[in-house]
Amino acid sequence: MHRRITGKLVIATHNPGKLAEMKELLAPYGIEAVSAGELGLAEPDETGNDFRSNAAIKAIAAAQATRLPSFADDSGIVVDALDGAPGIYSARWAGPSKDFTAAMTRIERLLQERGATTPDKRTAHFVSALCVAWPDDHLEEVEARVDGTLVWPPRGTAGFGYDPMFLPDGHDRTFGEMTSIEKHGLPPLGLGLSHRARAFVKLAEICLEPR
């Protein structure tokens, strides 16, 4: 049986980009959200072997620490020519300083080494796994993806992470060139294009009531 989110919700992230997107997605539902970072919660070790299990680790840790329902995302970019890398290690490729310019440069270097110089050899997809955990161990979990190709050099300064090198299928601008509404805004304002928006739509259907 699915459970509705009511009252206060902890967003289990210390990533300001993710936090901004999640708050925008939650806004139409009147949910009072506070982040793990604002509460001073420690970041748990992400020891899962896939996006879904890492999202659950983060949500469960926050729910247990705060005794409030907690919402976590685990997401990353999966590059076909790199055998799925960086995948669940997408954030770690940016290092402690969160240098995603260096991480994108690393991806491009590896693609060049493998001769992936044409769009058909540069396919990739973003994955987002969302989990809501309650203090009584109830979980709600969803996952979604968006397909595209990788461009070089990176384009645009909007978004965060690997957005500037990701060109979603059917579009001529990267995520880094799109406004937040274009990238993850939900209808009628946006198309619900991003992986996180697509996962959120699934979660909203089972856990949220519009105001």
What residue, among those in the stretch 145-154 that are closer than 19 Å to HIS195 by Cβ and in contact with a helix residue (DSSP H, G or I) (Cβ under 9 Å, 6 or more places away or on another chain), is surrounded by the most Cβ atoms within 10 Å (Cβ to Cβ)? LEU150
Of (1) modelled with pLDDT under 95; (2) surrounded by 19 or more Cβ atoms within 10 Å (Cβ to Cβ); (3) part of a helix (DSSP H, G or I), GLY159 fails just (3)
Could you grab the pairs with beta carbons closer than 7 Å, sequence gap of 6+ or different chains, first residue in the stretch 98-123 and on the phi < 0 side of the Ramachandran plot and hydroxyl-bearing (Ser, Thr, Tyr), second one part of a helix (DSSP H, G or I) and surrounded by 14 or more Cβ atoms within 10 Å (Cβ to Cβ)? THR123/ASP80
By residue number, the members of the stretch 8-32 that are in contact with a strand residue (DSSP E or B) (Cβ under 7 Å, 6 or more places away or on another chain) and either under 16 Å from LEU130 (Cα atoms) or of a type in the set (Gly, Ala, Ser) (or both) are LEU9, VAL10, ILE11, ALA12, THR13, LYS18, LEU19, MET22, LYS23, LEU26
Checked against (1) outside any strand (DSSP E or B); (2) at pLDDT 95 or above; (3) surrounded by fewer than 20 Cβ atoms within 10 Å (Cβ to Cβ), ILE181 satisfies every condition except (2)
Kindly provide the set of residues from the stretch 71-89 that are in contact with a Phe, Trp or Tyr (Cβ under 8 Å, 6 or more places away or on another chain), in contact (Cβ under 8 Å) with a residue 60 or more places away in the chain and within 15 Å of GLU141 (Cα to Cα), ordered by number. SER75
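The values are calculated or read from the model by the stated rules, or taken from the named source; none is laboratory data. No experiment lies behind these values; they were computed from the predicted model shown. Positions of Cβ are backbone-derived with ideal geometry, glycine not excepted, and every protein chain shown enters the neighbour counts.
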